[in-house]
Amino acid sequence: MKKLLVIFLSVLLISPVWADFEAKKANNLPEGVFRKTRSGEYAQYDKKGKKIGVYKIINGRFTKVK
């Protein structure tokens, strides 16, 4: 009975933290246009066409190089 109570309380305490983490993750999306370069990198441009950053795909995720 004590184990069930501990598990239940831990779920109640962790769930608000997890929901806040998911909300922060969704709001941090990069803005602009991504174009693939000849070297296989992805360049990020803003609304005016200025280059903001350069990304590479490492293990299926975009990682900022410059």
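Where a number appears in this text, it was derived from the coordinates with a stated rule and is not lab data. Note that this is a predicted model, so its numbers are computed, not measured. Cβ atoms come from the backbone with ideal geometry, glycine included; neighbour counts cover every protein chain shown.
Provide the packing ranking of 55-61, 39-45, i.e. peptides ordered by the mean count of other C-beta atoms within 10 Å per residue, highest first. Please report the intermediate quantities before stating the final value.
Values: 55-61: 10.1, 39-45: 13.6.
Put in order of decreasing packing, that is 39-45, 55-61.
Using a Förster distance of 25 Å, how high is the FRET efficiency between Asn59 and Glu31, based on the Cβ-Cβ distance and rounded to 0.05?
Details: r = 24 Å, r/R0 = 0.95.
Here the calculated transfer efficiency is 0.60.
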